[in-house]
1. Hey, does the stretch 84-93 have a residue that's among the β-branched types (V, I, T), modelled with pLDDT under 95 and surrounded by 10 or more Cβ atoms within 10 Å (Cβ to Cβ)?
2. For residues that are among the β-branched types (V, I, T) and open to solvent by less than 80 Å² (accessible area, probe 1.4 Å), scanning just the stretch 61-75, find the one that is nearest to F90 (Cα to Cα).
3. Would you please list the contacts, defined by Cβ atoms under 8 Å and residues six or more apart or on different chains, that run from a residue in the stretch 87-111 that is closer than 30 Å to Q77 by Cβ to a residue that is among the aromatic types (F, W, Y) and surrounded by 10 or more Cβ atoms within 10 Å (Cβ to Cβ)?
4. Go through the stretch 29-60 and report how many residues are over 14 Å from the mean Cα position of the chain (by Cα) and open to solvent by less than 50 Å² (accessible area, probe 1.4 Å).
5. Would you check if L81 is over 20 Å from D109 (Cα atoms), under 19 Å from the mean Cα position of the chain (by Cα), of a type outside the set (D, E, K, R) and open to solvent by 90 Å² or more (accessible area, probe 1.4 Å)?
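The values are calculated or read from the model by the stated rules, or taken from the named source; none is laboratory data. Computed from a predicted model, the values in this text were never measured in an experiment. Don't worry about glycine lacking a Cβ; one is built from the backbone with ideal geometry, like all the others, and counts go over all protein chains shown. All accessible areas refer to the heavy atoms of the entire protein, side chains included, with ligands and DNA or RNA removed. Shrake-Rupley method; radii C 1.70, N 1.55, O 1.52, S 1.80 Å.
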Amino acid sequence: MSTPTRFTDELKAAAGEQWDRVIQHKFTKELASGTIDREVMKRYLIQDHRFLDAFIILLASIIAHARSLEDRIPGCQFLALITGKENTYFERCFEKLSISAEDRTAIPDAE
């Protein structure tokens, strides 16, 4: 009897060379090893926070345009999860890395 292929292995195989490019990228390696430059991490967190904001707007729009309450509820539950009081990851990181509100507006969007 053969061992079944793990789903994660199937996903990795489907990603092909893109998987290798991601895990071999300088940012990924430095993040994993804890050697990432503080300024690089600051820019990354600011960009990721902006992505989260845009995603929340998109999700709220999807919820608003859903056909019924039954269709809206799963989106509302997910929106509540990612915006809940206990989800303070970015605020804690910004404080720890001394990222001010001015920093968050001064750093341009990623290209």
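1. The initial filter retains those residues of the stretch 84-93 that are among the β-branched types (V, I, T), namely 88.
Restricting the remaining residues to those that are modelled with pLDDT under 95 gives 88.
Checking which are surrounded by 10 or more Cβ atoms within 10 Å (Cβ to Cβ) leaves us with 88.
Among the residues of the stretch 84-93, at least one is among the β-branched types (V, I, T), modelled with pLDDT under 95 and surrounded by 10 or more Cβ atoms within 10 Å (Cβ to Cβ), which makes the answer yes.
2. Pass one, the stretch 61-75, residues among the β-branched types (V, I, T): 62-63, 73.
Applying the additional criterion that residues be open to solvent by less than 80 Å² (accessible area, probe 1.4 Å) yields 63, 73.
Details: I63: 24, I73: 26 Å.
Per the stated criteria, the residue is I63.
3. Hits for this filter: R104/F94.
4. Of the residues in the stretch 29-60, the ones over 14 Å from the mean Cα position of the chain (by Cα) are 29-40, 42, 57-60.
Keeping just the survivors that are open to solvent by less than 50 Å² (accessible area, probe 1.4 Å) gives 30, 36, 40, 42, 59-60.
Going through the stretch 29-60 one residue at a time, the tally reaches 6.
5. Details: over 20 Å from D109 (Cα atoms): yes; under 19 Å from the mean Cα position of the chain (by Cα): yes; of a type outside the set (D, E, K, R): yes; open to solvent by 90 Å² or more (accessible area, probe 1.4 Å): yes.
It is true that L81 is over 20 Å from D109 (Cα atoms), under 19 Å from the mean Cα position of the chain (by Cα), of a type outside the set (D, E, K, R) and open to solvent by 90 Å² or more (accessible area, probe 1.4 Å).
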